[in-house]
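The values are calculated or read from the model by the stated rules, or taken from the named source; none is laboratory data. Because the structure is predicted, anything quoted here is derived from the model rather than measured. Ideal geometry is used to build each Cβ from the backbone, glycine not excepted, and the neighbour counts take in all protein chains shown.
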Amino acid sequence: MTRPNLLCAALLCLAACGAPNSLDLCHASCDANKRCGVITDAQAANCHTDCDNRRGQLQDGDAMDDKNCKNAGDVRKLLLDCVHQECNKIQTCLNAVDRTCIAR
């Protein structure tokens, strides 16, 4: 799996809620992929457009996760922290985040 796909998978696995929202995480993933040289400027612009186009879907996922998981915001915050790390540390960080839902 490529780095952009892994970052997207992290986002989709989370589809989270709370402090940072899934839209924030989507945009941060686009930025990280561009910063790390995985995608071009044009691809990054398209990535941001895709995030914006999925806003409603991401918000719905956030609401569902907030309803069901008391740790959803914490998980999303950890994932967001990962994508802001140095390029060679992002994937290891993402893999280390426990995405287990703690039920309400």
**Message:** Taking the conditions exactly as written (under 18 Å from residue 102 (Cβ atoms) and more than 15 Å from the chain's Cα centre (by Cα)), does residue 77 satisfy them or not?
**Reply:** no
**Asked** Among the residues of the range 57-68, is any without any contact (Cβ under 8 Å) to a residue 60 or more places away in the chain and in contact with a strand residue (DSSP E or B) (Cβ under 8 Å, 6 or more places away or on another chain)?
**Response** yes
**Message:** Quick check on my filter: what residues within the range 69-90 are surrounded by fewer than 20 Cβ atoms within 10 Å (Cβ to Cβ) and small (Gly, Ala, Ser)?
**Reply:** 73
**Asked** Where in the range 1-101 are there helices (runs of 4 or more DSSP H), lying wholly inside it, with at least 3 residues that are at pLDDT 95 or above?
**Response** 22-35, 41-53, 55-68, 72-83, 87-96
**Message:** Can you go through 62, 66 and tell me which one is under 12 Å from the mean Cα position of the chain (by Cα), of a type outside the set (Lys, Arg) and surrounded by 14 or more Cβ atoms within 10 Å (Cβ to Cβ)?
**Reply:** 62
**Prompt:** Yes or no: residue 35 basic (Lys, Arg) and exposed (fewer than 15 other Cβ atoms within 10 Å of the Cβ)?
**Reply:** no
